[in-house]
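Q: The structure is given below, and queries will be raised subsequently.
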Amino acid sequence: MGAVMTVINIAYFIAAILFIVGLKQMSSPTNARRGILWAGVGMVLATVVTFAHPELEGAVNYLLIILGIAIGGGLAWWSGRKVAMTDMPQMIALYNGMGGGAAAGIGAIYLLQADPETASDVVLAIAVVGSLIGSVAFSGSMVAFAKLQGLMDKTVNFPAQQWVNLGVFAVTVLLGLSLALSGGDVSGPVLLLFFVLALAFGIMMTLPIGGADMPVVISLYNALTGLAVGFKGFVLDNPALMIAGVVVGAAGTLLTQLMAKAMNRKLSNVLFKQFGGSSGGAAEEVTGSLKAIEAPDAGIMMAFANKVIIVPGYGMAVAQAQHKIWELTQMLTARGVAVKFAIHPVAGRMPGHMNVLLAEAGVPYDIIYDLDEINNEFKTADVAVVIGANDVVNPIARTDPDSPIYGMPILNADQAHNVIVIKRGRGAGFSGIENHLFYADNTRMLYGDGQKAASELIAAVKELG
Amino acid sequence: MIEGFVALYIFMLAAFTGYEVISKVPVILHTPLMSGSNFIHGIVLVGTMVALGHAATPLEQLIGFVAVILAAGNAVGGYVVTERMLEMFKTSRGGK
């Protein structure tokens with residue numbers, strides 16, 4: 001091992017440590033920012049030293065590398081800077097898919113260059129598996145991106161879909177097997193067909209999955225990309241890729257499980273069963289009626305309360321009402337009202353997304369509580385304000401076994417003395433299920449755009465002086 | 001070449017590390033953490049650089065070039081959005 005390679009390996013070693021420590025720090029809100037900075041330093045270090053890697057040769061290749069980094073990095077910098085916080089989930093899916101595609105690309109080059117004289121079956125097999133996973137993560141993430149971005153509205157379903165998908169997957173695996181057992185004598189057409197089918201499988205697997213389940217899927221693809229990168233590390237004999245990739249693969253798997261659990265969805269159901277597809281039972285009849293309230297009355301109700309719990313949902317973020325809600329919160333706090341935010345794990349478009357949106361508006365994270373922390377407090381709250389949330393406060397999840405959301409943990413907003421629901425119209429939620437909370441005796445509906453309603457509430461509280 | 005069993009040990013230890021490191025993450029950080037881990041597998045950039053670095057045919061160069069673009073997008077994009085999200089977290093006592 002030459003001196004240059006030693007330096008490179010030391011740099012990779014430091015980068016791996018920085019990644020792990022950075023990831024560790026990112027799991028606590030107080031030093032999460034430092035975590036990403038450290039990981040960033042590791043990335044720059046690893047990238048810079050790689051320019052001196054002895055396996056890099058040819059002026060053209062160097063030029064292409066620099067050009068590629070400039071193009072890819074530049075576009076990502078620009079898009080990452082300007083993307084709205086509400087669109088964060090699909091951006092993560094997009095960047096993640098790119099990583100998966102890159103891993104598949106490494107695999108393609110390795111398999112093209114494989115030399116029957118030196119190729120080892122094990123390394124070939126790892127290259128094939130990594131390519132398969134990377135390709136699926138790439139095309140699957142792109143579909144997830146398109147769906148969340150609204151470029152592709154419908155879920156695509158056709159009879160025996162899972163069997164067709166399984167068939168495609170089986171053929172892909174067989175082709176992969178023949179590549180792995182080729183002993184390095186790789187046939188071009190087989191290689192091409194393998195990648196085409198792997199990419200097709202990623203698309204077909206993601207098409208039937210609905211928007212509500214997308215976060216779990218994106219998280220899964222994130223884990224898969226990590227794993228694919230890890231496998232490529234073994235192929236290229238590159239410890240930085242191995243460790244970072246496998247660490248992310250494992251962390252991503254855990255995160256996927258946590259998210260699925262938070263959403264009360266089994267991962268297998270997300271992947272292989274359409275939402276509500278099989279539950280044909282009649283929904284419980286809605287009793288009661290919708291009772292409207294005007295903003296000034298709602299404002300008074302909140303201003304003279306002891307405790308107000310705000311339940312924000314994605315609708316609030318769509319209406320860009322979070323800044324107004326924070327302003328309202330500050331005014332109420334100044335009047336001595338205790339205001340807390342209750343976040344359901346799936347508020348927003350993925351777990352934690354709502355926290356990011358509130359943080360953007362300036363809401364400090366220590367008045368934001370998650371489901372387990374706050375659910376017993378609704379009983380003692382004078383007013384629960386539901387803004388832009390629907391299914392996550394639907395008591396039917398506790399009571400009606402026929403409902404598709406039955407069993408999903410919900411925020412017990414219905415237990416507050418009074419409930420104010422700020423809602424644009426009368427439609428049902430994301431899942432299309434009637435919300436019994438809206439018809440409850442202690443619930444009043446404040447109709448209107450979230451931002452406008454919040455402004456009117458602010459005006460109402462202001463008037464009280 | 002990292003020998004078979006050593007590679008297997010690395011794989012296992014790295015997997016446990018990844019699992020342990022985020023085992024106590026609060027829900028509020030799920031999105032940034034997913035984004036952050038997404039950034040970390042941007043290290044694939046290093047792999048694509050090496051792959052393109054010894055590409056010999058135009059086809060390999062083309063694949064390698066696309067792979068480098070994708071990987072750079074993963075790394076840079078992942079960093080930018082994670083940093084933007086985490087920048088915003090603060091407590092009511094001020095400070096970050």
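Q: Have a look at A:Ile368, A:Ile433 and point out the one that is buried (at least 19 other Cβ atoms within 10 Å of the Cβ) and within 19 Å of A:Val337 (Cα to Cα).
A: None of the other options fit; the residue is A:Ile368.
Q: Pairs under 9 Å by beta carbon, first residue closer than 21 Å to A:Gly388 by Cα in the range A:327-346, partner surrounded by fewer than 17 Cβ atoms within 10 Å (Cβ to Cβ) and hydroxyl-bearing (Ser, Thr, Tyr), six or more apart or different chains?
A: Filtered contacts from the range A:327-346: A:Val339/A:Thr333.
Q: Restricting the range A:75-86 to residues that are over 16 Å from A:Asn96 (Cα atoms) and surrounded by 14 or more Cβ atoms within 10 Å (Cβ to Cβ), which is nearest to the other protein chains (Cβ to nearest Cβ)? Quick ask: steps written out before the conclusion?
A: First, pick out the residues of the range A:75-86 that are over 16 Å from A:Asn96 (Cα atoms): A:78, A:81-82, A:84-86.
The next check asks that each one be surrounded by 14 or more Cβ atoms within 10 Å (Cβ to Cβ); those that pass are A:85-86.
Numbers: A:Met85: 7, A:Thr86: 12 Å.
Among those that are over 16 Å from A:Asn96 (Cα atoms) and surrounded by 14 or more Cβ atoms within 10 Å (Cβ to Cβ), it is A:Met85.
Q: A follow-up question, please. Taking B:Leu13 as the residue in question, decide whether it is more than 7 Å from chain A (Cβ to nearest Cβ) and over 28 Å from A:Pro54 (Cα atoms).
A: Values: more than 7 Å from chain A (Cβ to nearest Cβ): yes; over 28 Å from A:Pro54 (Cα atoms): yes.
Yes, satisfied.
Q: Show the residue pairs that are 6+ apart or on different chains and have beta-carbon atoms under 6 Å apart, the first residue being within the range A:22-48 and at pLDDT 90 or above, the second being acidic (Asp, Glu).
A: Final answer for the pair search is A:Ile36/B:Glu83.
Q: Do any residues in the range A:174-189 that are under 13 Å from A:Pro116 (Cβ atoms) have Cβ atoms under 6 Å from those of residues that are of a type in the set (Gly, Ala, Ser), where the two are at least six apart or on different chains, and which pairs are they?
A: Close Cβ pairs satisfying both conditions: A:Gly184/A:Ala114; A:Gly184/A:Ala119; A:Val186/A:Ala114.
Q: Another question, if that's okay. Taking interchain pairs and intrachain pairs at least six residues apart, which have beta carbon atoms under 8 angstrom, with the first residue in the range A:160-171 and touching a residue at least 24 places away in the same chain (Cβ under 8 Å) and the second surrounded by fewer than 16 Cβ atoms within 10 Å (Cβ to Cβ)?
A: Listed by first residue and then by second, the contacts come to A:Gln162/A:Phe272; A:Val164/A:Phe158.
Q: If A:Pro89 passes every condition in (1) over 24 Å from A:Phe19 (Cβ atoms); (2) in contact with a His (Cβ under 7 Å, 6 or more places away or on another chain) but one, which one does it miss?
A: Exception for A:Pro89: condition (1).
Q: Still on this model: Is there a residue in the range A:87-97 that is outside any helix (DSSP H, G or I), within 27 Å of A:Val196 (Cβ to Cβ) and within 26 Å of the chain's Cα centre (by Cα)? Working first, answer last.
A: So the first thing to find is which residues in the range A:87-97 are outside any helix (DSSP H, G or I), and the list is none.
No, the range A:87-97 contains no residue that is outside any helix (DSSP H, G or I), within 27 Å of A:Val196 (Cβ to Cβ) and within 26 Å of the chain's Cα centre (by Cα).
Q: A follow-up question, please. Hey, could you check the range A:29-74 for residues that are among the aromatic types (Phe, Trp, Tyr) and under 27 Å from B:Glu83 (Cβ atoms) and say which is nearest to the other protein chains (Cβ to nearest Cβ)? Write out each step before concluding.
A: First pass over the range A:29-74, keeping only residues among the aromatic types (Phe, Trp, Tyr): A:38, A:51, A:62.
Now drop any that are not under 27 Å from B:Glu83 (Cβ atoms), which leaves A:38, A:51.
Values: A:Trp38: 11, A:Phe51: 8 Å.
By that ranking, first place goes to A:Phe51.
Q: Sticking with this one: Can you name the residue in the range A:103-129 that is out of contact with any Phe, Trp or Tyr (no Cβ under 8 Å at 6 or more places or on another chain), in contact (Cβ under 8 Å) with a residue 40 or more places away in the chain and within 8 Å of chain B (Cβ to nearest Cβ) and is also surrounded by the fewest Cβ atoms within 10 Å (Cβ to Cβ) among such residues?
A: Once the filter is applied, the top-ranked residue is A:Leu112.
Q: Mind telling me which of the residues B:Leu59, B:Leu70 ends up being farther than 30 Å from A:Tyr369 by Cα, among the hydrophobic types (A, V, I, L, M, F, W, C) and within 15 Å of the chain's Cα centre (by Cα)? Show your work before the answer.
A: Details: B:Leu59 fails: within 15 Å of the chain's Cα centre (by Cα).
Answer to the selection: B:Leu70.
Q: Looking for whichever is away from chain B (no Cβ under 14 Å), crowded, with 24+ Cβ neighbours inside 10 Å and of a type in the set (A, V, I, L, M, F, W, C) here; the options are A:Val311, A:Val356, A:Val346. Which one fits?
A: Values: A:Val356 fails: away from chain B (no Cβ under 14 Å); A:Val346 fails: away from chain B (no Cβ under 14 Å).
Criteria check complete, one pass: A:Val311.
Q: Got a sec? Which of A:Leu151, A:Leu132 is of a type outside the set (Ser, Thr, Tyr), over 19 Å from B:Val46 (Cα atoms), buried (at least 24 other Cβ atoms within 10 Å of the Cβ) and more than 8 Å from chain B (Cβ to nearest Cβ)? If you could, list the steps in order and put the result at the bottom.
A: Numbers: A:Leu151 fails: buried (at least 24 other Cβ atoms within 10 Å of the Cβ).
Among A:Leu151, A:Leu132, only A:Leu132 is of a type outside the set (Ser, Thr, Tyr), over 19 Å from B:Val46 (Cα atoms), buried (at least 24 other Cβ atoms within 10 Å of the Cβ) and more than 8 Å from chain B (Cβ to nearest Cβ).
Q: Next question. Can you tell me how many residues in the range A:1-28 are part of a helix (DSSP H, G or I), within 7 Å of another protein chain (Cβ to nearest Cβ) and not basic (Lys, Arg)? Spell out how you get there, then give the answer.
A: Taking the range A:1-28 first, the residues part of a helix (DSSP H, G or I) are A:3-25.
Narrowing further to those that are within 7 Å of another protein chain (Cβ to nearest Cβ): A:19-20, A:23-24.
This time we only want the ones that are not basic (Lys, Arg), so: A:19-20, A:23.
Looking only at that region, the number is 3.
Q: Moving on. Do any strands (runs of 3 or more DSSP E) lying entirely in the range A:375-465 carry at least 1 residues that are within 26 Å of the chain's Cα centre (by Cα) and either modelled with pLDDT under 85 or under 18 Å from A:Ile325 (Cα atoms) (or both), and which ones are they? Full working, then the answer.
A: Numbers: elements: A:383-387, A:418-423, A:443-447.
Filter on the range A:375-465 gives A:383-387, A:418-423.
Q: Based on what the data block shows, is A:Gln90 of a type in the set (S, T, N, Q), within 23 Å of A:Pro351 (Cα to Cα) and surrounded by fewer than 24 Cβ atoms within 10 Å (Cβ to Cβ)? Can you show your working first?
A: Values: of a type in the set (S, T, N, Q): yes; within 23 Å of A:Pro351 (Cα to Cα): yes; surrounded by fewer than 24 Cβ atoms within 10 Å (Cβ to Cβ): yes.
Answer is yes for this residue.
Q: Failed condition for A:Ala303, given (1) surrounded by fewer than 24 Cβ atoms within 10 Å (Cβ to Cβ); (2) within 21 Å of A:Tyr369 (Cβ to Cβ); (3) of a type outside the set (Lys, Arg), with all others met?
A: Going through (1) surrounded by fewer than 24 Cβ atoms within 10 Å (Cβ to Cβ); (2) within 21 Å of A:Tyr369 (Cβ to Cβ); (3) of a type outside the set (Lys, Arg) one by one, A:Ala303 breaks only (2).
Q: Listed residues A:Val246, A:Val229, A:Val190, A:Val217; which is part of a helix (DSSP H, G or I) and either away from every other protein chain (no Cβ under 14 Å) or more than 26 Å from the chain's Cα centre (by Cα) (or both)? First the steps, then the outcome.
A: Details: A:Val246 fails: either away from every other protein chain (no Cβ under 14 Å) or more than 26 Å from the chain's Cα centre (by Cα) (or both); A:Val229 fails: either away from every other protein chain (no Cβ under 14 Å) or more than 26 Å from the chain's Cα centre (by Cα) (or both); A:Val217 fails: either away from every other protein chain (no Cβ under 14 Å) or more than 26 Å from the chain's Cα centre (by Cα) (or both).
The match here is A:Val190.
Q: Also: So, in the range A:136-187, how many residues would count as being within 28 Å of the chain's Cα centre (by Cα), among the small types (Gly, Ala, Ser) and part of a loop (DSSP other than H, G, I, E, B)?
A: 1
The values are calculated or read from the model by the stated rules, or taken from the named source; none is laboratory data. Just so you know, these numbers come straight off a predicted model, no measurement behind them. Neighbour counts are summed over all protein chains in view; Cβ atoms, including those assigned to glycine, are modelled from backbone coordinates with ideal geometry.
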